[in-house]
Amino acid sequence: MIKRQLKEGESMGTFLEIILLITLITLIGLILGYIVGVVNCKKNNTSRIIQKGKLCEEKASLTEDQNDLLEQESKELIEISKKEKTQTKQTQIVKQQEKPKEEVKQNSTPSKRKIYTTEEIKKQINSLERALNNQADPLNKIRGIGPVIEKKLNTLGIFHFEQIAAWSDKEIQLIDQHLDLKGKIKREEWIKQAKKLALQK
């Protein structure tokens, strides 16, 4: 009996030793697996960090290139605007220089209008030295003839309605220019009014 018990105890001891060895091996495997996993995680993290750093560098280089392009474009625009301003200034200066020349040319051209003296006008129109019977007609009855124009007409030897009624187109033009009436004779129909007033005498 005693021998049997001893044999059973030995077999139980070996069984326990085997179980302990298995547990130790599994623990060692677990520990090694954990260590390997930690190392792999660290490697992955470091590779990700490196990739992120590369991406940031690439972005920075792109932004620098974009900034350089923007600076170049802005410089070109500034130069173009400066050139346009200088061109406009030059054109303005040229125009200002050309204007006086044109004005001089206009002023230098002789006027086609000839200025006649009172005696020359008298020779070219139906004038009188004095009024008939020394009694002049009241020319201011004609609309458009005031006392000032009436005196000027008298100095030209025009005293009567009949004289104005008989004016030709040439005489109208000469008197209009000489007295600076600006078309008043035809506009206010002096000839027509003079004919009516002559008939009423």
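Kindly flag which residue pairs out of K114/K152; K122/K170; K123/K201; K123/K196 have an alpha-carbon separation exceeding 22 Å in this structure. Long pairs (Cα-Cα over 22 Å): K123/K201; K123/K196.
Highest mean packing first, where packing is the average number of other Cβ atoms within 10 Å per residue, the peptides 183-191, 114-122 line up as 183-191, 114-122. When each of the peptides 157-170, 21-34 is scored by the mean number of other C-beta atoms lying within 10 Å of its residues, the order from highest to lowest reads 157-170, 21-34. Note on segment 118-199: percent of Cα-Cα distances in each 10 Å bin, starting at 0 and stopping at the bin with the largest distance, equals 19, 61, 20, 0.
Coordinate-derived values only; no laboratory data. Here the structure is a predicted model, which is why all the values come from computation and not from measurement. Please note: Cβ atoms are built from the backbone with ideal geometry, for glycine as well, and neighbour counts cover all protein chains shown.
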